[in-house]
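Each remark here refers to the structure printed beneath this line.
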Amino acid sequence: MTEADRGDAPVSVAGLTKHFRRHRGERVAAVDDVSLDVGRGEMVVILGPSGCGKTTLLRCVAGLEVPTGGEIRSNGRVVSSAERGVHVPPERRGFGMMFQSYAVWPHMSVRRNVGYPLAVRRRPRAEIAARVERILDVVGIGHLAGEYPAQLSGGQQQRVALARCLVADPDVILFDEPLSNVDAKIREELRVELLTMQQRIGFAGVFVTHDQEEATAIADRVVVMKDGRVAQVGDPREVYRAPASRFVAGFLGVVNEWVGTLREPDGADRSVRVVSTDVGDIRVAAGNVPEGAGPGDTVAVIARPEDVGVSATAPGNGSNGWPATLTTETFRGPYIEHFLDVKGHRVRSRGAGRDRLREGQAVFVVTEPADLRVLAAKEAAR
Ligand SMILES: Nc1ncnc2c1ncn2[C@@H]1O[C@H](COP(=O)(O)OP(=O)(O)OP(=O)(O)O)[C@@H](O)[C@H]1O
Ligand SMILES: [Mg+2]
């Protein structure tokens, strides 16, 4: 995105900070110097643990909180500036909002719930009726137009909330864990539909969740937050495959970690670096070692379980292979999970499980240098 596009982005957040005061007077930086742009039609997912500031960030964008510092623009227009004392109220920012609680009105039919945002804007009746009908069909609940929320399932109620969001045709929708109250199966269904709708209608979204799978499934870009700050921004593959820190690696899924010392490059082969650890020497592709890491540094080598193989025979040169004992095999449907013991360290592997292995069997744990990554052992201090 160029500087010019950024100014015109549907949402552009710069240096945003929000402090709260707890009842004993202690200050909390719920959002701490966050900058973020959301492109046209882009789905940006804010992911992070409970209390990291996701909801606060979203509420600032929505206009439900007054930020302590920083600026928020929408399509080039300043909607919030702490420094200049600008605070455009939520209803005049033009964002759609969909939050965790269904927030549909129980005393109104589905049709009236969905038409409400247009009624408030005093649109003509015929136009409201036509748009409501169209949008109910889009979200797949046209047949429920006359029902009341109490007669609907959780998933159906969330569709009503989504239809009500879409009816005013916003170019940005803010979502705060909108699917967390519906059960797993419906949740996945709604998630897929939300994506399809987003591609069809073209709205941009800021979607808050603490669910890593949900985040990577729907995001064009993931923003990982920790303690009010941005820990990493990237496309889902990048944050999963190339996490910037141990925190991001661990938050995006299961990970094996071995802490050790980075060694001097070995001889002529500059394509591989070696880390000495308690489980043995680990060869890692040089490109997967961060620029700033030098010989003698304490580092962590990480591997996703799907990058850890189990073999009855010793692997060839070039791979890392450690003698191990298979402790547990778990059938997980799409894959088999193996827990292994390597010199008293537990290693986790996931795969198709083609070889029949016995618990207690002596095997080799096999990893490829290109699949491993080296990260600083210590998290950067705030
Ligand atoms: N109104 C408030 N007054 C004081 N502190 C607040 C207020 N709202 C939020 N906080 C604090 O700000 C921090 C961030 O809260 P926030 O609700 O943004 O987290 P979150 O990432 O959305 O968490 P969750 O995943 O649990 O919803 C927390 O430490 C919270 O206690
Ligand atoms: Mg929250």
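Please sort 146-156, 197-207 by packing, taking for each peptide the average over its residues of neighbouring beta carbons within 10 angstrom, highest first. Walk me through the intermediate numbers first.
On the way: 146-156: 14.8, 197-207: 18.6.
The packing order, highest mean first, is 197-207, 146-156.
Can you compute the radius of gyration and Dmax for the chain, using only the Cα atoms, both in Å?
Both quantities, over Cα of the chain: 25.0, 79 Å.
Taking square-rooted eigenvalues a ≥ b ≥ c of the alpha carbon gyration tensor, is segment 120-176 rounded, prolate or oblate, where a/c under 1.5 means rounded and, failing that, a/b exceeding b/c means prolate? If you can, show how the numbers build up before the last one.
Numbers: a/c = 1.91, a/b = 1.19, b/c = 1.60.
Here segment 120-176 falls in the oblate category.
Pairs of alpha-carbon atoms within less than 8 angstrom and 6+ residues apart define the contacts here; what relative contact order does the chain have, in percent?
Numbers: 805 pairs, mean separation 56.2, N = 382.
Dividing the mean separation by the residue count of the chain yields 15 percent.
What fraction, in whole percent, of alpha-carbon pairs in segment 212-357 exceed 22 Å separation?
On the way: 5150 of 10585 pairs.
That fraction is 49 percent.
Just name one of 49, 136, 272: the one whose Cα is farthest towards the positive end of the charge dipole of the chain (beta-carbon charges, Lys/Arg +1, Asp/Glu -1).
136
Calculate one ³J(HN,Hα) per residue across segment 201-206 by plugging θ = phi - 60° into the Karplus curve 6.51 cos²θ - 1.76 cosθ + 1.60, and present them in order as whole Hz with x for glycine and proline.
8, x, 6, 8, x, 10
Roughly how far apart, in whole Å, are the Cα centres of segment 20-63 and segment 211-247?
15
Using a 1.4 Å probe over the heavy atoms of the protein chains, calculate the carbon and sulfur portion of the accessible area of segment 1-136 as a whole percent. Intermediate results must be reported in sequence, preceding the final value.
Working: 3550 of 7150 Å².
After summing per-atom areas, the C and S share lands at 50 percent.
Loop only by DSSP, 14 or fewer other Cβ within 10 Å of the Cβ. Give me the trypsin sites (Lys or Arg not before Pro) in segment 55-112 that pass, ordered by residue number. Walk me through the numbers before you get to the answer.
On the way: sites: 59, 73, 77, 84, 92, 93, 111, 112; in loops: 84, 93.
Counting only loop positions with at most 14 other Cβ atoms within 10 Å, the trypsin sites (Lys or Arg not before Pro) in segment 55-112 are 84.
Got a sec to turn the phi values of segment 9-22 into Karplus ³J(HN,Hα) couplings, 6.51 cos²θ - 1.76 cosθ + 1.60 with θ = phi - 60°, whole Hz, x for Gly and Pro?
4, x, 9, 9, 10, 10, x, 6, 9, 9, 9, 10, 10, 6
Keeping all protein chains in place and using 1.4 angstrom, which order do 378, 343, 54 fall into by accessible surface area, from largest down? Write down the numbers at each step before the final one.
On the way: 378 170, 343 145, 54 15 Å².
Heavy-atom accessible area, descending, gives 378, 343, 54.
How much net charge surrounds residue 273 when only other residues with a Cβ under 15 Å from its Cβ are counted (Lys, Arg +1; Asp, Glu -1)? Mind dumping the intermediate values first?
Details: positive: 263, 270, 283, 373; negative: 264, 266, 269, 281, 291, 297, 368, 371.
Result for the local shell: -4.
What are the ³J(HN,Hα) values, in whole Hz, obtained from phi via the Karplus relation 6.51 cos²θ - 1.76 cosθ + 1.60 with θ = phi - 60°, for each residue of segment 134-141 in sequence order, with x given for Gly and Pro?
5, 6, 5, 5, 4, 8, x, 10
What do you get for GluC sites (Glu not before Pro) in segment 264-366 restricted to DSSP loop and a cutoff of at most 15 other Cβ within 10 Å of the site's Cβ?
Details: sites: 291, 306, 329, 337, 359; in loops: 291, 359.
Here the GluC sites (Glu not before Pro) that fit, given the DSSP loop and packing criteria, are 291, 359.
Within segment 252-347, report the chymotrypsin sites (Phe, Trp or Tyr not before Pro) that DSSP leaves as loop and that have at most 16 other Cβ atoms within 10 Å.
Numbers: sites: 258, 331, 335, 339; in loops: 335.
Qualifying residues, ordered by number: 335.
Sum -39500 (n - 2.57) across every DSSP H segment of at least 4 residues in the chain, then divide by the residue count to get the 222 nm mean residue ellipticity, nearest 500. Intermediate values should be presented prior to the final figure.
Values: 9 runs with 90 residues, N = 382.
Helix-only estimate at 222 nm: -7000 deg cm²/dmol.
How much area per residue is accessible in the chain when the probe is 1.4 Å and only protein heavy atoms are counted (Å²)? Spell out each step's value before the answer.
Working: 18740 Å² over 382 residues.
On a per-residue basis, the chain sits at 49 Å².
List the residues, sorted by chain then number, that are 5 or more residues from residue 37 or on another chain and whose placed amide H is less than 5 Å from its amide H.
Distant-sequence amide H within range of residue 37: 13.
Taking the Cα centre of the chain as origin and charging only Cβ (+1 Lys, Arg; -1 Asp, Glu), how large is the dipole, in debye to the nearest 20?
Working: 50 positive and 49 negative charges, 266 e Å.
Charge dipole of the chain: 1280 debye, to the nearest 20.
Run the reach check for residue 185 against aspartates and glutamates, Cα to Cα strictly under 14 Å, same-chain hits fewer than 8 apart removed. What comes back?
193, 213, 214
Which residue fluctuates the most in the chain, going by a Gaussian network model with Cα springs under 10 Å, if the choices are 294, 96, 69?
Greatest mean-square fluctuation among the candidates belongs to 294.
What is the sum of charges, Lys and Arg at +1 and Asp and Glu at -1, for the other residues whose Cβ falls under 13 Å from the Cβ of residue 255?
Values: positive: 241, 246, 304, 346, 348, 350, 373; negative: 257, 306, 307, 371.
So the surrounding residues net to +3.
The values are calculated or read from the model by the stated rules, or taken from the named source; none is laboratory data. Being a predicted model, the structure only gives us computed values, none of them experimental. FYI the Cβ positions are ideal-geometry reconstructions off the backbone, even for glycines, and counts take in every protein chain you see. In case anyone asks, the SASA skips ligands and DNA or RNA and just uses the protein heavy atoms, side chains included. Shrake-Rupley method; radii C 1.70, N 1.55, O 1.52, S 1.80 Å.
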